[in-house]
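Reading through the structure tokens given below for one structure.
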Amino acid sequence: MAEETMQQPPAANPNEPSANAKKYAWTVPPAKTAILSHRVERVDGPAKVSGAARYTYDINRPGMLWARAIRSPHPHAKIVEIDFSAAKQAPGVRGVLAWKDPGAEVMYQGDVVAAVAADSEDHARDAARLVKITYETLPFSVREASSKDPATPKIFATGNTRPGQATDVGDVAAAFKSAAHVYEATYDTQVITHVCLETHGAVCEWTGDKLTAWVTTQGVHGVRQQLAAALKIPEANVRVICEYMGGGFGSKIAADASVVIPARLALVTGAPVKMMFDRKEEHLDTGNRPSAFSKVRAGVSADGKCVAFEAETWGTGGAGQGAQFPLPYIYQFANRKRAHLDVYINAGNQRPMRAPGHPQGCFATEVLMDELADLVKMDPLEFRLKNLPPTAPDAMWGEYFKIGAKKFGWDKRRATGEGGKGHLRTGMGVSACQWGGGGRAGNAHVDILPDGSVVVKVGTQDIGTGARTVVGIVAADTLGVPLSTVKAQIGDTDLPFAGASGGSTTTAGISPAIRIAAGRAKEALLARLAPSLGGDASKLEIVNGRVQVKGGGKSLTWKAACKLLGQEPISIDNAWEPGLSSVNTSGVQFAEVTVDTETGIVKVDRVLAIQDCGLVIDTLTAESQVYGGVISSINFALFEDRLLDRRTGQMVNPNMEHYLLASIADVPKVEVMLMNMPERGVIGIGEPPTVPTASAIANAVRNATGATLRSLPLHPHRVLAALEAHKAGRKA
Amino acid sequence: MKAFAYVSPTTAKDAIAALKAGGIVRPLAGGQDLLARLKDYVETADTLVNVKQALDATVTPAGGGLKIGAAVTLDALSTNPHVIRMYPALAEAAAKVGSPQIRHQGTVGGNLNQRPRCWYFRQEEFVCFKKGGNRCFSVDGENQHHAIFGNDGPSKIVHSSSLAVPAVAYGARFVVAGPNGEREIPAAEYFTLPTMQNVKKENVLGDDELLTHVILPAPGHIRSGHYEVRFKESRDWPMAFATVVVTMNGANVASARVVLGAVAPTPWRSEAAERALVGKPLTQATAEAAAAAAVEGAKPMSQNAYKIQITKTAVVRAILEAAGKRA
Amino acid sequence: MLHPDSPAVVPGVQCEHIRHKSMYVMTVDNPQALRFFDPYDTASYWCQETSEAFGPDGHPVRPDCCVGGRGCCRTDPDTEAAPAHHHGQD
Ligand SMILES: Cc1cc2nc3c(=O)[nH]c(=O)nc-3n(C[C@H](O)[C@H](O)[C@H](O)COP(=O)(O)OP(=O)(O)OC[C@H]3O[C@@H](n4cnc5c(N)ncnc54)[C@H](O)[C@@H]3O)c2cc1C
Ligand code: SF4
């Protein structure tokens, strides 16, 4: 089969293709490919559903101990004394560790102070309660407003607030003067936590001076480096394994206390040590998405052009970390000005969470866009089209809005507030998203073994996206063999380096290396087989697991062909090279909701997500990323809210009961349209789909009822308040 | 959780005797509430007495009504054809609880005797009145789910049992057995508003007693309606709900019971709403008048005034359901 | 090295122990792409010495804090790593 090669990416691809990238350019899928871009089920699906897949939580080692952290119950306090004496006498206790020393301060409820290791999980829990820590409590703040208030005494050594990056572009004052309408409103989104189904943790085992750590992580290689640094041992002495993991969403990149504590306790006790956090620890101390407040002034011309933007923004990333976000988001305001303040409160620190900053900036901007559209009496979609950046391969919103409008039935959308007569009102909303997703850190090793096995080794990890399946598809498609022939090995620092799985970079980071390594391996194989098949390697091809002379003639099964390798397998390594992957994606989403105006309950009826990610490797797993993103965003829109008690500073809902998450029945019909752009090469998709759903939902509520929801989550109490304000002609 | 002794008697008599084992002894039914409390160190126990073998797990006809054993699961209750036909509000309340897992495991006795779901009560850190402390954290804390009625006492919880509300509305009686034999308590008198004396309990049951049966009187010609305002479709609690039971005299209401749930430390009977119904036809206008009457005198706390609107909605929709006009 | 989610960390200026996500997540950027929003720093930082978002001195880890003048800060790649921060193990 003559491989039809792709045009190299247009201007939007920054990567000047390498010689190998040209030689092994992607074949146009899916018509011309056996599995690339097809709907391929996860290769490890059966292992996952049958329980055969072993997550860190499932790793048990002979003689293993359990560790348990002791955490501060106070939002801010000084540690006066740590007394381990009672804990050391407790049944089964084998070791203790002070994570912080007396004199140090704890900065939030859940801040780790110490840890114990015992021979069972129950003994460790009971013993942890016997560690007596004396605190001197200190003044605290758990509200952005109070930390921002200049009258509040200094709680944080570096100040209670800190200015973030500011923007000043164009002539804002003049632009506001020229604007036909000037609009002001304040938007805010809440702190939510990652809620990984598998909690943070590790199993650590020393053999002599070598450490093996099974870690639920988004980056085995990064954890190796951090563990070695924390323990002051050579990186060469650390092996990190993560075969399967139950979600990270950005919170599992650092080697935090959940990894370093068991490593240290394993050293102290001379036994393997397992430490897995519980749900409460997860909520308190493994990261969150910062809050975001935006006090906005926007100016728009009579014909619907956004001309001026001015915002004061703030938010909290916890006890010392920032809370910045992009604003305005995507839509072009030629003149704009923004000042941002990071506000510190005594609560767990933020960590990257699925598209850091974007859902927050998207919400404020997209709700504002609907309000502005009404001011100039334009359809919100028309209004958006007017204010988008120019269309480009990495900026397809205009096209997608039009495609989506047709598919979703936007023409049936009624004017704002005319969502019906009774207590059930329906409405539609839209929103857009942007993301990078250009990875570049993946090395691949491909072995073709004489018995016909193909082993592909990549030191990446599967954070739930289906990385193992992607590795297999790229290799199998390139080699021309069935997926079942390829054994993908991932999740181990003994495998060739790959970057951490964050920023939607994994697939774009690993696929080029696999494509080229497999291409080169195929070439090497055909060269070795040529003497037995007519002598000319360039006349050979591999189709559906058969090695054959192009256009008919002699052929061999894959197995028979590989047998001819004798005792010397094909073994090829390749790094990532530019030209087979790219960066920057766009997407839009539509949502339809029903609002019960007598209860304030919002039900999402359906969502349409249109998303590109360059070349789609596996349609099924790519769609899964969109489903997951949409569901997360529905949770952000309606349910999730980290609630801190104003008086004690403690979280009131560190569980999955009062910290609400959609149940299966709360998930609407979600339709996904993947816009395959094979000519751009591979780009990631993990993050963008979780950006726009929440704003589309808020806009749909506004469309249904006329009441504008500028604050998340859309709990009934907020919706009822907004409805009441709308009825009274007030701004909520 | 702290280690405990476990006994599993097979008769009610032995179970009651076992409650006297000494130390802290707790009856264990489905464990959906008790085990979570023990695991979270909200409380500790020295002995658990499994009552699922000892107590009746059947629904039997009695005097034109039904006698429901305390060990009947919520799932069995919600699918029992007699319950569905005679006391549909009770069946519906049971069917809406939590999740299929909780309904298959949880029992009638455990549901009616479950402890509060207040987020302060449920966490070890917050030593509130109910745990021997000297404050209710909700007063100047996060009280969006707390009581809007009956909140003058020390604790501002809402009673968490969904079954308790239709039980009161249908005029159920609870059979309670102790060392000195059995007694019957009207459901409405079983649950107690918190005072400084009784704040550590939500009902009149003694530590040495068990709830053995719920007796539902012959329904006669009642009509009933039940409506729960729920944010999530499952694994969640109602924000407010209502059961309405009426008898008719021609087109007009002859007598009525309106009981509200998730709004007060006990199932909250609204006599004002009942008065607004009696003598009137079951129309939208009557329902709205009764709902307005039902929330008269509500005393919202700093964050839960929204529950007034939600409660009104529950009352209107329960009445319309009783009228056969489902909203 | 440009770290898209934190343009703020410059080797030799900030401490060698400061960490953030983009140090482990290697990306390509498209310098020709239109900007769809203004630059912002969304990174969360931690310290390799403590495995926390606070340094050995208990103060936050941030590019503005983890610079010369702070006792725990190391900026010269030629010096051996400071002795392990003692955690009072038992
Ligand atoms: C996510 C979630 C959602 C929920 N939603 C709802 C809801 O919407 N509505 C609702 O009503 N409930 C709800 N529940 C609570 C659940 O219904 C109760 O926990 C369950 O019914 C308790 O029954 P059990 O048999 O498991 O009781 P157990 O946990 O065994 O016992 C509960 C308490 O009653 C005592 N007890 C048990 N049996 C007896 C007896 N015969 N006599 C005296 N005392 C006894 C026990 O000592 C214990 O203190 C929910 C729970 C969860 C986790
Ligand atoms: S806290 Fe100190 S040691 Fe850690 S990164 Fe910052 S300056 Fe360096």
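Summary table below
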item: Pick from the range B:21-39, criterion within 6 Å of ligand 1 (Cβ to nearest atom) and not in a loop (DSSP other than H, G, I, E, B), ranking: farthest from the other protein chains (Cβ to nearest Cβ); result: B:Pro27
item: Residue check, B:Ala95 at pLDDT 95 or above, away from ligand 1 (no atom under 12 Å from the Cβ) and in a helix (DSSP H, G or I); result: no
item: Enumeration of residues in the range A:458-494 that are farther than 21 Å from A:Val616 by Cα and either touching a Pro at 6+ places or on another chain (Cβ under 6 Å) or of a type in the set (Val, Ile, Thr) (or both); result: A:Gly459, A:Thr485, A:Thr493
item: Of residues in the range A:104-128 being more than 20 Å from A:Arg264 (Cβ to Cβ) and without any contact (Cβ under 8 Å) to a residue 40 or more places away in the chain, the one surrounded by the most Cβ atoms within 10 Å (Cβ to Cβ); result: A:Asp126
item: Count of residues meeting criterion [in contact with a Pro (Cβ under 7 Å, 6 or more places away or on another chain) and more than 7 Å from chain A (Cβ to nearest Cβ)] in the range C:23-39; result: 0
item: Long-range neighbours under 7 Å by Cβ, at least six apart or interchain, first residue at positive phi within the range B:12-37, second assigned to a loop (DSSP other than H, G, I, E, B); result: B:Gly23/B:Asp46
item: Qualifying residue in the range C:20-31 (condition: modelled with pLDDT under 90, within 9 Å of ligand 2 (Cβ to nearest atom) and either in a loop (DSSP other than H, G, I, E, B) or not charged (D, E, K, R) (or both)); result: no
item: Count of the range A:248-271 residues which are surrounded by fewer than 24 Cβ atoms within 10 Å (Cβ to Cβ), in contact with a Lys or Arg (Cβ under 8 Å, 6 or more places away or on another chain) and of a type outside the set (A, V, I, L, M, F, W, C); result: 1
item: Complete set of residues in the range A:630-654 that are touching a strand residue (DSSP E or B) at 6+ places or on another chain (Cβ under 8 Å) and more than 14 Å from chain B (Cβ to nearest Cβ); result: A:Val630, A:Phe636
item: Residues that are among the β-branched types (Val, Ile, Thr) and under 19 Å from the mean Cα position of the chain (by Cα), drawn from the range A:417-474; result: A:Thr460, A:Ile463, A:Thr465, A:Thr469, A:Val470
item: Which numbered condition A:Gln589 fails, given (1) of a type in the set (S, T, N, Q); (2) under 21 Å from A:Ile35 (Cα atoms); (3) away from every other protein chain (no Cβ under 14 Å); result: (2)
item: Selection count, the range A:637-694, where residues are within 30 Å of A:Asp111 (Cα to Cα), part of a helix (DSSP H, G or I) and touching an Asp or Glu at 6+ places or on another chain (Cβ under 9 Å); result: 2
item: Unique residue being free of Cβ contacts under 8 Å to residues at least 24 places away in the same chain and surrounded by fewer than 20 Cβ atoms within 10 Å (Cβ to Cβ) when the list is A:Pro46, A:Pro62, A:Pro91; result: A:Pro46
item: Hey, C:Glu49 near ligand 2 (Cβ under 8 Å from one of its atoms), within 17 Å of the chain's Cα centre (by Cα) and surrounded by fewer than 20 Cβ atoms within 10 Å (Cβ to Cβ) or not; result: no
item: Filter pass, A:Ala518 being buried (at least 24 other Cβ atoms within 10 Å of the Cβ) and not hydroxyl-bearing (Ser, Thr, Tyr); result: yes
item: The one condition in (1) in a loop (DSSP other than H, G, I, E, B); (2) modelled with pLDDT of 95 or more that A:Gly437 fails to fulfil; result: (2)
item: Residue match in the range B:130-140 (condition: away from every other protein chain (no Cβ under 14 Å), closer than 16 Å to B:Ala264 by Cβ and either of a type in the set (D, E, K, R) or surrounded by fewer than 21 Cβ atoms within 10 Å (Cβ to Cβ) (or both)); result: yes
item: Criterion violated by B:Arg122 - all others in (1) away from chain A (no Cβ under 14 Å); (2) in contact (Cβ under 8 Å) with a residue 24 or more places away in the chain; (3) charged (D, E, K, R) satisfied; result: (1)
item: So B:Ala29, is it crowded, with 21+ Cβ neighbours inside 10 Å and at pLDDT 95 or above; result: yes
item: Residue match in the range A:383-393 (condition: in contact with a helix residue (DSSP H, G or I) (Cβ under 6 Å, 6 or more places away or on another chain) and more than 14 Å from chain C (Cβ to nearest Cβ)); result: yes
item: Residue within the range B:142-152 that is within 14 Å of chain A (Cβ to nearest Cβ), more than 16 Å from the chain's Cα centre (by Cα) and closer than 30 Å to B:Val7 by Cα present; result: no
item: So A:Thr56, is it touching a strand residue (DSSP E or B) at 6+ places or on another chain (Cβ under 9 Å) and modelled with pLDDT under 95; result: no
item: Selection count where residues are without any contact (Cβ under 8 Å) to a residue 60 or more places away in the chain and on the phi > 0 side of the Ramachandran plot, scope the range B:248-290; result: 2
item: Listing of strands (runs of 3 or more DSSP E) fully contained in the range A:120-176 that carry 1 or more residues being more than 14 Å from chain C (Cβ to nearest Cβ) and within 30 Å of A:Asp101 (Cβ to Cβ); result: A:132-137
item: Residue that is surrounded by the fewest Cβ atoms within 10 Å (Cβ to Cβ) [pool: residues in the range B:299-312 that are touching a residue at least 60 places away in the same chain (Cβ under 8 Å) and under 20 Å from the mean Cα position of the chain (by Cα)]; result: B:Ile308
item: Verdict on A:Ala202 being assigned to a loop (DSSP other than H, G, I, E, B) and out of contact with any Asp or Glu (no Cβ under 7 Å at 6 or more places or on another chain); result: no
item: Given (1) crowded, with 22+ Cβ neighbours inside 10 Å; (2) away from every other protein chain (no Cβ under 14 Å); (3) of a type in the set (S, T, N, Q), index of the condition A:Asn676 fails; result: (1)
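To keep it simple, each residue is scored yes or no on (1) crowded, with 22+ Cβ neighbours inside 10 Å; (2) in the same structural domain as A:Ala704 (by TED's automatic domain parsing).
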{"residue": "A:Leu368", "(1), (2)": "yes, no"}
{"residue": "A:Ala373", "(1), (2)": "yes, no"}
{"residue": "A:Met378", "(1), (2)": "no, no"}
{"residue": "A:Arg384", "(1), (2)": "yes, no"}
{"residue": "A:Ala392", "(1), (2)": "no, no"}
{"residue": "A:Glu399", "(1), (2)": "no, no"}
{"residue": "A:Arg414", "(1), (2)": "no, yes"}
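The values are calculated or read from the model by the stated rules, or taken from the named source; none is laboratory data. Just so we're clear, the structure is a prediction, and the values are computed from it rather than from any experiment. Virtual Cβ from ideal backbone geometry, glycine too; neighbours counted across all protein chains shown.
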